[in-house]
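The values are calculated or read from the model by the stated rules, or taken from the named source; none is laboratory data. Small disclaimer: the values here were computed from a predicted structure and weren't measured. Positions of Cβ are backbone-derived with ideal geometry, glycine not excepted, and every protein chain shown enters the neighbour counts.
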Amino acid sequence: MMRNYFILYIIVVSLLTACESQTKDVQSYLEEVNLLSQKDTYDKDKAIKILSEGLIKYPNDTKLLETRATIYCQHGLIKDCRADTLHILELDQNRAEAIMGLCMMDEFEGAVLSSIKNCYMNAAKLFADRKSTSIEHEIANKYNYVFALFMAEHPDAQIEKANLFKMVESTLGFDVWVYEMTFNNFDRNKMLNGMFKDD
């Protein structure tokens, strides 16, 4: 009798879990990973597992793919990061973040700048042309545009950096020190190692 109750309990729990799974949307998976990132001890394997579960249900969602690719990259899992990034580009060939990611992966793995300069400039153009829905998005796109110019060692990088700083100060009204940390004394090797090496 106890065995029958136990089996029934397992069935009910399984059904409830299935129902919960069916109603879970993309945002729920992203929020769950975001909560993990706020903990003192970040469990990257758990974050990847959550995103992978989401991608079983939503295999072509670029937000889930980008988030998982970012985690892969940050922990030195370049092969997995590249696979997710290529998948994103299959879905949207003009996704600037994915193009930028591939440029940086190629350089991190040994490509010389002259061979990928056009890659960086392609990403820069896409960031520059992107329509913004808010001032925060406009600044994010401008930041990424300037970052791509710096990675391409484009002569306009310094001018556009100054324009970015002015935009941040005049629209958001706070200090630009975060941006200065990135662009003043720009160190591309530090950027690449920070992006892809697992500490």
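Inspect the range 115-123 for any residue being surrounded by fewer than 15 Cβ atoms within 10 Å (Cβ to Cβ), of a type in the set (Gly, Ala, Ser) and more than 30 Å from Asp45 (Cα to Cα) and give the result as yes or no. Break it down into steps so the answer makes sense when it comes.
Filtering the range 115-123 down to residues surrounded by fewer than 15 Cβ atoms within 10 Å (Cβ to Cβ) leaves 115, 118.
So of that shortlist, the ones also of a type in the set (Gly, Ala, Ser) come out as 115.
The next check asks that each one be more than 30 Å from Asp45 (Cα to Cα); those that pass are 115.
Looking for residues that are surrounded by fewer than 15 Cβ atoms within 10 Å (Cβ to Cβ), of a type in the set (Gly, Ala, Ser) and more than 30 Å from Asp45 (Cα to Cα), one finds at least one in the range 115-123, hence yes.
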Requested in this report: May I ask you to verify whether Glu107 is outside the structural domain of Met167 (by TED's automatic domain parsing), over 16 Å from the mean Cα position of the chain (by Cα) and not hydroxyl-bearing (Ser, Thr, Tyr)?
Outcome: yes
Query raised in the report: So which residues in the range 51-76 are without any contact (Cβ under 8 Å) to a residue 40 or more places away in the chain, touching a Phe, Trp or Tyr at 6+ places or on another chain (Cβ under 9 Å) and within 22 Å of Lys197 (Cα to Cα), if there are any at all?
Result: Leu51, Leu64, Thr67
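Can you spot a residue in the range 136-150 that is more than 25 Å from Asn184 (Cα to Cα), surrounded by fewer than 22 Cβ atoms within 10 Å (Cβ to Cβ) and either in the same structural domain as Asn185 (by TED's automatic domain parsing) or polar (S, T, N, Q) (or both)? Even if it seems obvious, please write down each step before you answer.
Filtering the range 136-150 for residues more than 25 Å from Asn184 (Cα to Cα) gives none.
No - not one qualifying residue is present in the range 136-150.
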Query raised in the report: Within the range 37-79, can you find the residues that are surrounded by fewer than 17 Cβ atoms within 10 Å (Cβ to Cβ), within 17 Å of Arg95 (Cβ to Cβ) and touching an Asp or Glu at 6+ places or on another chain (Cβ under 8 Å)?
Result: none
Report summary line: Among the residues of the range 172-184, the number that are over 12 Å from Phe147 (Cα atoms), out of contact with any Asp or Glu (no Cβ under 8 Å at 6 or more places or on another chain) and either at pLDDT 85 or above or among the β-branched types (Val, Ile, Thr) (or both) is 1
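Within the range 104-114, which residues are in a helix (DSSP H, G or I) and either among the charged types (D, E, K, R) or surrounded by 11 or more Cβ atoms within 10 Å (Cβ to Cβ) (or both)?
Of everything in the range 104-114, those that are in a helix (DSSP H, G or I) and either among the charged types (D, E, K, R) or surrounded by 11 or more Cβ atoms within 10 Å (Cβ to Cβ) (or both) turn out to be Met104, Met105, Asp106, Glu107, Phe108, Leu113.
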Query raised in the report: Can you tell me which residue in the range 4-48 is nearest to Pro59 (Cα to Cα), limited to those that are charged (D, E, K, R) and at pLDDT 85 or above?
Result: Asp25
